[in-house]
Amino acid sequence: MRSQLMEMLELRKEEMIEIRRYLHEYPEISFEEEKTAQYIADFYKNKDVKVETNVGSGYGIVVTITGGKPGKTIGLRADFDALPIKEETDVPFKSKNEGVMHACGHDAHTAYLLILADCLIQLKGELNGTIKIIHQHAEEVPPGGAKSILESGKLDDLDAIFGVHVLPMDEAGVVGYHSGYSFNGRSYFKLKIQGQGGHGSSPHNANDAIVAGSHFVTVAQTIISRRLNPMDVGVVTIGSFDGKGTFNVIKDSIELEGDIRYMSVESQEIIEKEFKRIVKGIEVEFGVECTLEYNADYPPLYNHPEYTEMVAETLKQANDKDIKEVKEYPPLSPSEDFAYYLEKIPGCYFYIGCTPKGVEKPYFNHHPKFEIDEDAILVAAKAVGHVVCGYFGK
C-alpha cells in the first residue's frame, strides 16, 4: 500500500499546487471561511466517505475514511484560515481579497491533505482502521477552531492524531520534529487602571493612572526574571499602553494590552498567579481600581515522545527521494491550537521545510512577503502518508 500511495501522490503533485494557488488567491480570515469550507466540502462530493460540516464553532469539517478492516482510528489535521495581512509578494496568484493573505501556509496544508485524503479513500480497502481528516477553521484567532472541534465529540474515538506545519527554517525536503513541549502556550490580557483625573499643577488632588501603569509595566517583567525557574521559558509583552491625554491633565484611566508566552503548563500557572498578584498590589500601592481580563488562549504544545519517535523513525527509514533529511528541531516560540488536540489525544505535530529556492534569508510565516517552495506540498503529503502507513503497519 505504501509504495502505491507514494506513487499516487507523486502523480498528483501539480494538482496539489493548483489547489494551493487557488486557495491563496481567495483567502478568508478566521471564523469567516465560508467559501473555503464550501470548496473543501465540494472536493469530497461523490466520494465514498462520511463528510460532516460546520463542526465546532465555525466551518470545521471532519471526513471519515473507514478502512476495509477494523482497527484503530487516527486523525490528520490541516487548518485553512488566512490572516488580515495585505500581501506584498509578486506571485501571479496573489490574494484577490484585499487585506487578507495566506501568510502562514494554511493554503499549502489544505492542498496536501485534500489530495492525500483522496488517495487514501481510493486505497481504503487495504486499511486496517479508520482515518478522520480534520479540516480546521480559525487556527489564528483565539479561542481557535481546535477546541470547539474537540468539544463537538467528533474526535472522541481517536487513538492518535498527527499534523504538520510548513516553516521556512529549511529547504523543501527537510522534515523536522521535536519531542515533548514544542510550541509556546499563549495568554492574552487587558488591564484597565482607574485613578482620578486632575490638573497637572495639582497632583495631590488627583491620582495618576499613568504612574500606576508605568510601575506595572516594570514590575510585570519581574515575573520572568524573579519568579520563573531560570531553566524555563517565559515572555511578558506589553503590546499596547493607551494613555494618550493632554499635556497638562493628569490622566484618570488607562488601558494596557499584552501577550504572555510560556513553554509548560507549570510556567503558565506561575505566570498567571504572579500576574494577578501584582495587579492587586498595584491597587493597594497606588489606590487605584484595576479591571483585569486574562485569558489563557492556547496551551503549550506537547508532542508525545512515543509518537514523535515513531514519526521520526518512520520518516528516517522511508528511503523516499523527496524526503532528503529528517532532523530534530529545538522548541519553537510561536503558539498553535493543535496543542488542544494533543492535550486529549496522543500524537505528534511536526514540520516541513519550505524555504524558497535560492533564498538565504526567507521571510517567516505571518510576513506580508511570506512565500514557500511549492515542492514542500508534496513533501508534506508524502511525510504524513508515510506516518499513516507506519502507524497501520503498511
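The values are calculated or read from the model by the stated rules, or taken from the named source; none is laboratory data. These numbers were taken from a predicted model, which means no experiment stands behind them. Here the Cβ is made from the backbone with ideal geometry for all residues, glycine too, and neighbour counts use every protein chain on show. Heads up: the accessible areas ignore ligands, DNA and RNA and are worked out on the full protein's heavy atoms, side chains in. Shrake-Rupley method; radii C 1.70, N 1.55, O 1.52, S 1.80 Å.
Here are the numbers for the structure shown:
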{"quantity": "Gyration tensor (alpha-carbon) shape descriptor, the chain, a/c threshold 1.5", "calculated": "prolate"}
{"quantity": "At most 16 other Cβ within 10 Å, DSSP loop - GluC sites (Glu not before Pro), the stretch 124-212", "calculated": "none"}
{"quantity": "Where chymotrypsin sites (Phe, Trp or Tyr not before Pro) fall in DSSP loop in the stretch 233-300, at most 11 other Cβ within 10 Å", "calculated": "Phe247"}
{"quantity": "Reachable lysines from Lys316, criterion Cα separation under 30 angstrom, eight or more residues apart if same chain", "calculated": "Lys13, Lys69, Lys72, Lys124, Lys132, Lys324, Lys327, Lys344, Lys357, Lys361, Lys382, Lys394"}
{"quantity": "Under 5 Å, built H, 5+ apart or other chain: amide partners of Leu127", "calculated": "Gly68, Lys69"}
{"quantity": "Whole-Å semi-axes of the ellipsoid equivalent to the stretch 50-173 (Cα gyration tensor, √5λ, descending)", "calculated": "29, 18, 12"}
{"quantity": "Amide H partners (placed H, <5 Å) of Asp297, local residues excluded", "calculated": "Arg186, Ser187, Tyr188"}
{"quantity": "Length-normalised contact order of the chain in % [C-alpha pairs under 8 Å, at least 6 apart]", "calculated": "24"}
{"quantity": "Rounded if a/c under 1.5, otherwise prolate or oblate - the stretch 106-150, Cα gyration tensor axes", "calculated": "oblate"}
{"quantity": "The stretch 267-351: trypsin sites (Lys or Arg not before Pro) in DSSP coil with no more than 11 other Cβ atoms inside 10 Å", "calculated": "Lys321"}
{"quantity": "Whole-Hz couplings from phi, Karplus 6.51/-1.76/1.60, listed for the stretch 192-202; x for Gly and Pro", "calculated": "9, 10, 9, x, 9, x, x, 7, x, 7, 10"}
{"quantity": "Within a Gaussian network of the chain (alpha carbon springs, distance under 10 Å), most fluctuating of Asn303, Asn319, Asn295", "calculated": "Asn319"}
{"quantity": "Tilt relative to the chain, helix 13-25 - C-alpha long axis, 0 to 90 degrees, to 10", "calculated": "30"}
{"quantity": "Heavy-atom SASA rank of Asp320, Asp232, Asp90 (probe 1.4 Å, accessible area, largest first)", "calculated": "Asp90, Asp232, Asp320"}
{"quantity": "Projected area, mean over directions - the stretch 128-282, Cα convex hull, nm²", "calculated": "14.4"}
{"quantity": "Centroid-to-centroid separation of the stretch 157-202 and the stretch 327-394 [C-alpha atoms, Å]", "calculated": "17"}
